[in-house]
Amino acid sequence: MSVPENRLRIAVQKNGRLAERSLDLMREAGLRVMKGANDLLYRIENHPIDVLRVRDDDITTFVADGVCDLGVIGLNVLEEHAARRNGPRPEVVMRLGFGRCALKIAAPAEATWQGPEALAGRRIATSYPGVLQSWLRERNIEAEVVELHGAVEVAPRLKVAHAICDLVSTGATLEANGLKAVETVLESEAVLVRAPGGPPEAHQHLADVLTDRLRGVVAAQGAKYIMLNAPRSSLDRITRLLPGAGAPTITPLAGANDAVAVHAVCQENVFWETLEGLKGAGASAILVLPIEKMMM
């Protein structure tokens with residue numbers, strides 16, 4: 001696979017739960033993603049950028065070694081890579097707000113859990129031995145780590161291990177195998193990473209532009225624009241009720257002595273209860289609008 005040296009290179013997951021969302025994120029940032037001659041290399045039509053679609057482990061290696069300038073990877077994969085490999089590691093630029101999950105210790109549901117110390121002298125099955133070993137060392141716990149590459153959740157039932165350390169999203173798989181989550185080892189989500197020390201000078205400006213756009217896309221996720229009218233005397237109460245908002249914009253209403261228009265960007269979810277609270281504080285004509293783009 002030949003990649004031109006004069007183009008910014010981004011590594012993303014070829015298959016898996018982050019693959020399509022990573023490409024969608026770039027499209028939302030204004031990049032026109034075009035499939036190349038093969039399924040491994042996509043090109044950005046409106047910028048000198050190439051997207052390499054590779055395995056998880058290769059993303060961390062490519063970015064750490066400077067083969068790619070940027071990458072989108074799960075924090076769990078990044079931390080496991082760092083725990084296993086000496087030398088430079090990719091630098092986390094930002095969390096991307098999708099692909100959330102947690103690496104958790106799980107034990108048989110009928111077992112009495114008395115804290116992490118209960119793992120001492122036990123066997124723990126996992127696909128993340130590096131992260132798990134680091135977690136155990138931080139707590140001065142000596143346990144035997146059994147590395148598996150699939151079907152980790154059946155290890156206690158097969159008497160391979162006393163407990164497991166595995167990724168958990170909903171917990172349904174644990175429950176189906178008679179397990180319960182008892183400790184969180186790592187909270188994970190997709191992250192944007194860059195090569196150690198940043199991209200070369202020729203790519204720096206484009207990398208900065210793309211990073212700013214992605215930061216705006218992430219900030220707009222779930223954000224809402226709220227407009228309402230209110231008596232000036234109610235502004236303090238209303239401002240306190242606006243979820244995750246900074247200082248709102250206040251504009252006098254034409255022909256009204258005490259009434260003002262309030263505009264605010266809310267970074268948190270806006271529920272019906274929020275609107276009812278605003279109305280109870282004196283607000284009226286409340287509008288909640290989605291935000292498509294935002295520049296931070």
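The values are calculated or read from the model by the stated rules, or taken from the named source; none is laboratory data. Nothing here was measured: the structure is a model prediction, and the numbers come from that model. Neighbour counts run over all protein chains shown; Cβ positions are idealised from the backbone, glycine included.
Can you pull out every residue in segment 27-43 that is part of a helix (DSSP H, G or I) and either touching a residue at least 40 places away in the same chain (Cβ under 8 Å) or β-branched (Val, Ile, Thr) (or both)? Before you say what the answer is, go through the steps one by one.
Within segment 27-43, the subset part of a helix (DSSP H, G or I) is 27-28.
Answer for segment 27-43, where residues must be part of a helix (DSSP H, G or I) and either touching a residue at least 40 places away in the same chain (Cβ under 8 Å) or β-branched (Val, Ile, Thr) (or both): just Glu28.
Output the number of the condition that Asn269 fails; it satisfies all remaining conditions of (1) of a type outside the set (Gly, Ala, Ser); (2) over 30 Å from Cys68 (Cα atoms); (3) assigned to a helix (DSSP H, G or I).
Of the numbered conditions (1) of a type outside the set (Gly, Ala, Ser); (2) over 30 Å from Cys68 (Cα atoms); (3) assigned to a helix (DSSP H, G or I), the odd one out for Asn269 is (3).
Taking segment 218-240 only, how many residues are surrounded by 14 or more Cβ atoms within 10 Å (Cβ to Cβ), of a type outside the set (Val, Ile, Thr) and assigned to a helix (DSSP H, G or I)? So that I can check it myself, show each step before the final result.
Keep residues of segment 218-240 that are surrounded by 14 or more Cβ atoms within 10 Å (Cβ to Cβ), which gives 218-232, 234-235, 237-239.
The next check asks that each one be of a type outside the set (Val, Ile, Thr); those that pass are 219-225, 227-232, 234-235, 237.
Filter again for assigned to a helix (DSSP H, G or I), leaving 219-220, 232, 234-235, 237.
The number of residues fulfilling the criteria is 6.
Which of the residues spanning segment 275-294 are within 23 Å of Arg232 (Cβ to Cβ) and either of a type in the set (Lys, Arg) or at pLDDT below 90 (or both)?
First, pick out the residues of segment 275-294 that are within 23 Å of Arg232 (Cβ to Cβ): 275-288.
Passing the criteria: only Lys279.
Of the residues Ile141, Ile164, only one is β-branched (Val, Ile, Thr), crowded, with 19+ Cβ neighbours inside 10 Å and farther than 20 Å from Gly99 by Cα; which?
Numbers: Ile141 fails: crowded, with 19+ Cβ neighbours inside 10 Å.
Checking each option against the conditions leaves just Ile164.
Mind checking whether some residue in segment 24-35 is surrounded by fewer than 22 Cβ atoms within 10 Å (Cβ to Cβ), at pLDDT 90 or above, of a type in the set (Val, Ile, Thr) and farther than 21 Å from Glu201 by Cα?
Checked against the condition, which is being surrounded by fewer than 22 Cβ atoms within 10 Å (Cβ to Cβ), at pLDDT 90 or above, of a type in the set (Val, Ile, Thr) and farther than 21 Å from Glu201 by Cα, segment 24-35 yields at least one hit.
So which of Cys101, Cys68 is within 30 Å of Glu175 (Cα to Cα) and either out of contact with any Asp or Glu (no Cβ under 7 Å at 6 or more places or on another chain) or in the same structural domain as Leu167 (by TED's automatic domain parsing) (or both)? Spell out how you get there, then give the answer.
Details: Cys68 fails: within 30 Å of Glu175 (Cα to Cα).
Testing whether each residue is within 30 Å of Glu175 (Cα to Cα) and either out of contact with any Asp or Glu (no Cβ under 7 Å at 6 or more places or on another chain) or in the same structural domain as Leu167 (by TED's automatic domain parsing) (or both) leaves just Cys101.
Only one of (1) part of a loop (DSSP other than H, G, I, E, B); (2) more than 23 Å from Glu292 (Cβ to Cβ); (3) touching a helix residue (DSSP H, G or I) at 6+ places or on another chain (Cβ under 8 Å) is not met by Thr60, so which one is it?
(1)
Looking at segment 209-217, is at least one residue surrounded by fewer than 16 Cβ atoms within 10 Å (Cβ to Cβ), in the same structural domain as Glu80 (by TED's automatic domain parsing) and without any contact (Cβ under 8 Å) to a residue 60 or more places away in the chain? Quick ask: steps written out before the conclusion?
Of all residues in segment 209-217, those surrounded by fewer than 16 Cβ atoms within 10 Å (Cβ to Cβ) come to 209, 212.
Still in the running and in the same structural domain as Glu80 (by TED's automatic domain parsing): 209, 212.
Within this subset, residues satisfying the condition of being without any contact (Cβ under 8 Å) to a residue 60 or more places away in the chain are 209.
Yes, there is a match, as at least one residue in segment 209-217 is surrounded by fewer than 16 Cβ atoms within 10 Å (Cβ to Cβ), in the same structural domain as Glu80 (by TED's automatic domain parsing) and without any contact (Cβ under 8 Å) to a residue 60 or more places away in the chain.
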